[in-house]
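The values are calculated or read from the model by the stated rules, or taken from the named source; none is laboratory data. Note that the coordinates shown come from a computational prediction; the quantities given were computed from them, not determined experimentally. Here the Cβ is made from the backbone with ideal geometry for all residues, glycine too, and neighbour counts use every protein chain on show. Quick note on the areas: whole protein, heavy atoms, side chains included, nothing else; ligands and nucleic acids left out. Shrake-Rupley method; radii C 1.70, N 1.55, O 1.52, S 1.80 Å.
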Amino acid sequence: ELVADYWPDAFRTQRARAAYVKPVYSAKKFAGEAPDWSALDAAPLRDPLGMDESAQPVSVRFAWNEKGIYGRFESKLPPCAKDSNDVWHNDSIEFFIAPGANAEVEHQFAWDPTGKDFSLRHRILPVNQPPEQSWTAPGSFCRPKVAADGWTADFFVPFGPFESGVPKTGEDWALNFVFTGRSGDREIVRGTALTLGRHHNMNMFGRIRFE
């Protein structure tokens, strides 16, 4: 029975992988104090494994200016948001960005609804090096707001800590965004890329285009 249950999911994953085209997501440049999120399109989110095609009430939008990248995440799922849990046992969002055309360095940011965070830098080119788990990006932040029926988070990642600096208009960088919901009897995972369950799988990342 376990074998019979396995094959349909495996076939769905293989079909999704064969049809996969790396997505390009728009980040609109804005002037002023904050983006007008209501005027921006949400980036489509999918099951990173390619198995679960059910729609989930979660969304993310991106914008930018000369200071950095801004994001607005929204979830209408009741969150797991316990002060006693770490980032990996509450609901969480993860933002992976690899600046520049060659994506030489991957940066990971993770936040949960209680305000806990995690960051990491991993140099991949020209020589793959161990991840730097002590790395931080001064000026980055996430401002979550929690309700009984969901949560939102406004987050910001500055360009200053990146070696590549500020992108030019029209440039695009490797991107992956992942939401993990842990309040139910099973995890719900949605992301911007078909990473096959490995969120650091940069070969499958989409691109964020600075417009």
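Here are the numbers for this structure:
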| quantity | calculated |
| --- | --- |
| Residue check, residue 189 surrounded by fewer than 19 Cβ atoms within 10 Å (Cβ to Cβ), modelled with pLDDT of 95 or more, among the β-branched types (Val, Ile, Thr) and more than 17 Å from residue 22 (Cβ to Cβ) | no |
| Every residue from segment 119-151 that is surrounded by fewer than 16 Cβ atoms within 10 Å (Cβ to Cβ), free of Cβ contacts under 8 Å to residues at least 60 places away in the same chain and under 30 Å from residue 78 (Cβ atoms) | 141, 143, 145, 147 |
| Count of segment 17-38 residues which are closer than 12 Å to residue 191 by Cβ and either aliphatic (A, V, I, L, M) or open to solvent by 90 Å² or more (accessible area, probe 1.4 Å) (or both) | 0 |
| Residue in segment 153-175 that is over 24 Å from residue 207 (Cβ atoms) and of a type outside the set (Phe, Trp, Tyr) present | no |
| Residues (touching a residue at least 60 places away in the same chain (Cβ under 8 Å) and open to solvent by 50 Å² or more (accessible area, probe 1.4 Å)) located in segment 53-72 | 57, 66, 67, 72 |
| Strands (runs of 3 or more DSSP E) fully within segment 154-211 counting 2 or more residues that are touching a residue at least 24 places away in the same chain (Cβ under 8 Å) and more than 12 Å from the chain's Cα centre (by Cα) | 172-181, 206-210 |
| For residue 41: the one exception among (1) under 17 Å from the mean Cα position of the chain (by Cα); (2) open to solvent by 40 Å² or more (accessible area, probe 1.4 Å); (3) among the acidic types (Asp, Glu); (4) closer than 24 Å to residue 197 by Cβ | (4) |
| Out of 179, 210, 205, sole residue that is closer than 20 Å to residue 65 by Cβ and buried (at least 18 other Cβ atoms within 10 Å of the Cβ) | 210 |
| Members of segment 49-76 that are assigned to a loop (DSSP other than H, G, I, E, B) and over 30 Å from residue 18 (Cβ atoms) | 65, 66, 67, 76 |
